[in-house]
1. Counting only residues that are closer than 17 Å to L43 by Cβ and among the β-branched types (V, I, T), which one in the range 67-80 is farthest from the chain's Cα centre (by Cα)?
2. For Q57, state whether it is under 21 Å from L198 (Cβ atoms), in contact (Cβ under 8 Å) with a residue 24 or more places away in the chain and of a type outside the set (G, A, S).
3. Kindly provide the set of residues from the range 166-214 that are of a type in the set (S, T, Y), at negative phi and not in a helix (DSSP H, G or I), ordered by number.
4. Here are some residues: G139, G188, G200, G162. Which one is at pLDDT below 95 and closer than 30 Å to K107 by Cβ?
5. Within the range 108-144, track down each residue that is under 24 Å from S60 (Cα atoms) and part of a loop (DSSP other than H, G, I, E, B).
Amino acid sequence: MHKNAYETEDLLNDLIEKLPSDKEVEIIVAPTFVNLSSAVQHLEFTNIGVAAQNMHQAESGAFTGEISADMLKNIGVDIVILGHSERRSYFHETDALLANKVDTALKHELRVIFCFGEELKDRQNQQHFNIVENQLKDGLFHLNAQAWENIVLAYEPVWAIGTGETATPDQAQEMHQFIRQTVEDKYGREVAENVSILYGGSVKPDNAKEIFSKPDVDGGLIGGAALKADDFAAIVNAV
């Protein structure tokens with residue numbers, strides 16, 4: 001819940017100026033709902049995509065304040081973030097609910113950035129692999145292999161979000177390798193190798209290059225650092 005309309009426009013202008021314009025890196029921004037339509041128009045002739053931060057699972061109906069997949073598609077948004085740690089924590093979104101949201105998004109030909117990850121107590125109790133495996137299976141493993149062409153995974157160690165703490169590059173690689181192997185066990189090597197797995201947890205310009213250098217880390221889900229054009233551009237260049 002950052003940036004009003006004017007601030008969003010200023011940030012997008014800065015990003016257009018400072019981000020690389022080549023196609024080697026896919027760049028996506030996720031403004032708040034009220035700024036999505038203007039962001040799509042503003043970025044129409046750039047290489048920067050636009051994603052929604054969330055979406056309701058129903059097609060339509062009496063769900064005051066919610067946004068449907070059709071509404072997103074209608075304004076030119078074709079990517080949606082689902083299962084973000086803040087949605088899971090503050091709004092109590094369950095894996096079953098998220099599986100429903102994923103189905104609705106894919107039905108409307110939206111790409112899904114699916115977020116998941118363990119809390120601090122899970123890692124302290126050595127349950128982090130089990131938690132991540134269950135979130136993956138319960139949220140996504142009902143899909144067929146073809147559907148995975150429109151899935152991007154985003155691993156978020158919840159204990160490293162907004163705390164200044166960051167999983168070490170080796171910890172990130174260890175989990176990303178586990179995630180890829182879990183997908184391979186279900187869907188085979190081709191699906192596992194083709195799915196992008198992003199790391200989201202206090203990525204900053206000074207640690208991005210080392211995190212992204214790991215073989216199973218394909219990119220980042222950037223929070224606070226994306227609110228500053230210079231920092232976001234440095235992170236993108238680190239990829």
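The values are calculated or read from the model by the stated rules, or taken from the named source; none is laboratory data. Not measured: the values here are computed from a predicted model. A quick note on method: Cβ atoms are made from the backbone with ideal geometry, for glycine too, and the neighbour counts reach across all protein chains shown.
1. I75
2. Numbers: under 21 Å from L198 (Cβ atoms): no; in contact (Cβ under 8 Å) with a residue 24 or more places away in the chain: yes; of a type outside the set (G, A, S): yes.
Against the criterion (under 21 Å from L198 (Cβ atoms), in contact (Cβ under 8 Å) with a residue 24 or more places away in the chain and of a type outside the set (G, A, S)), Q57 does not qualify.
3. Here is the first cut: in the range 166-214, the residues of a type in the set (S, T, Y) are 166, 168, 182, 187, 196, 199, 202, 213.
With at negative phi added as a condition, the list becomes 166, 168, 182, 187, 196, 199, 213.
Answer for the range 166-214, where residues must be of a type in the set (S, T, Y), at negative phi and not in a helix (DSSP H, G or I): T166, T168, S196, Y199, S213.
4. That would be G200, the only listed residue that is at pLDDT below 95 and closer than 30 Å to K107 by Cβ.
5. H108, E109, L110, H142, L143
Here's the yes/no breakdown for (1) farther than 25 Å from A51 by Cα; (2) buried (at least 20 other Cβ atoms within 10 Å of the Cβ); (3) basic (K, R):
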| residue | (1), (2), (3) |
| --- | --- |
| A172 | no, yes, no |
| G188 | yes, no, no |
| A192 | no, no, no |
| L221 | no, yes, no |
| A229 | no, no, no |
| V236 | no, yes, no |
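Residue-by-condition table, conditions (1) among the aliphatic types (A, V, I, L, M); (2) in contact (Cβ under 8 Å) with a residue 24 or more places away in the chain:
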{"residue": "N125", "(1), (2)": "no, no"}
{"residue": "V132", "(1), (2)": "yes, yes"}
{"residue": "Q135", "(1), (2)": "no, yes"}
{"residue": "N144", "(1), (2)": "no, no"}
{"residue": "E149", "(1), (2)": "no, yes"}
{"residue": "E174", "(1), (2)": "no, no"}
